[in-house]
Amino acid sequence: MSTPPIISARGLSKSFRGPGGRTVEAVSDLTMDVAPGTLTAFLGPNGAGKSTSLRMLTTLLRPTGGSASVCGFDVARQPAEVRARIGYIGQKNGAGQYQRVRDELLSQGALYGLGRAETRRRVDELVEALGLGELVRRPTMKLSGGQRRRVDIALGLIPGPRLLFLDEPTTGLDPQSRAHLWEHILGLRRRYGTTLFLTTHYLDEADQFAERVMVVDRGRIIADDTASRLKSDLAGDRITLTVDAGPAAAVAAVRGAADAAGVTGTAPEADRTGEVTRVVVAVDHGERVLPALLRALERGGHTVRTAELTRPTLDDVFLRLTGRSLREEEPGVPGTGPAPEATSVGVPR
Ligand SMILES: Nc1ncnc2c1ncn2[C@@H]1O[C@H](COP(=O)(O)OP(=O)(O)O)[C@@H](O)[C@H]1O
Ligand SMILES: [Mg+2]
């Protein structure tokens, strides 16, 4: 990496004393370097250790092992320096219920020790950037979930941080609000060049928006790459064919056709659905394999009723890595995790 990393962790770990005195290894041996200006997603199921990692990097939680520096400062020894340079938007928010949005934003400026004029300038700019114009006079208790998240993000950005941590910014929002919030998050990045480090358990978000995806499971990073490389390296494509034959004959036909087409490493799996058999094969470069496979089957005198090419998802990657589906582990209720968190950190006065 040519420019120094904005986040650097070496063996960062956190264990908690759980019920009955048992030790819970919430985060084990987190080691990473994050380049400035990037958007990194920490993807993992509930309880994977995402929030604990973020809370250590934002100095809210003291590591029990390893070290980390954020914006060039050590999180354990120089927490005030770190806090002065970052924004953090926690998983839950403790909003002042009756306060109007604008007043909440203005008092955040005071918290960070900005002058009144400077605070007003920042607030006006963020109100525009985040499309909060309609909302500034409303009491915060009247906001929808998506609007509340946008206000939270504005709060985190009042001090103008170079680095913003977001813990599950879109959890619990409906798809439309999620898409809308993402537009704003990406807009901020274009406008301010803010480095974004966020957690999510939504596979599609990590896939679509993050340039780097770190898959976290049981306190450990089990994969770290771009979404597209994770998918092509770990999951591959899938071809599903329905063939006019019984399962054994259909598998033999597909295996024979794959050999004839020069496709290696296929392991067809079949299940019978009425008169036909569905055969699934895992391949690389499905777009090239599929036509060759169909031609070979036709030459062998087999009738293929349907053919489908499926690209892998990050869920396939997770399944390959852990043997479990992340999709099935998505929590229905947001915020079922441990202890509520502060909405943002900063240096008061
Ligand atoms: N304050 C705490 N005390 C005890 N256990 C905790 C505490 N905070 C988190 N944990 C445990 O650490 C693990 C990781 O939690 P967390 O970081 O919140 O996961 P995630 O954010 O990925 O859902 C879980 O098993 C959780 O129960
Ligand atoms: Mg969490």
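Bear in mind that the values in this text are calculations on the coordinates, not laboratory data. Since the structure is predicted, the reported quantities are computational estimates derived from the model, not experimental observations. In this analysis, Cβ positions are derived from the backbone assuming ideal geometry, glycine residues included, and neighbour counts consider all displayed protein chains.
Table for the structure above
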item: Calculated FRET efficiency for the pair S228/D33, C-beta based, R₀ 22 Å, to 0.05; result: 0.60
item: Segment R324-A248, length gained on full extension (0.36 nm per residue, minus Cα span); result: 24.5 nm
item: Efficiency of FRET between E134 and D204 - r from beta-carbon atoms, R0 22 angstrom, step 0.05; result: 0.20
item: R190/R100 FRET efficiency (R0 25 Å; Cβ-Cβ; nearest 0.05); result: 0.30
item: Region 162-179-region 17-57 distance, computed between alpha-carbon centres (Å); result: 18
item: Two-site label geometry, E275 and R162: point separation in nm, points 7 Å out along Cα→Cβ; result: 6.9
item: Kirkwood hydrodynamic radius over Cα pairs of the chain, then Stokes diffusion coefficient at 25 °C and 0.890 mPa s, in µm²/s; result: 109
item: Dipole in debye (nearest 20) - the chain, about Cα centre, beta carbon charges: Lys, Arg +1; Asp, Glu -1; result: 1360
item: Extension gain from R116 to F16, taking 0.36 nm per residue of separation minus the Cα-Cα distance; result: 31.8 nm
item: Cut-off 11 Å between beta-carbons: net charge of the residues surrounding A282, Lys and Arg +1, Asp and Glu -1; result: -2
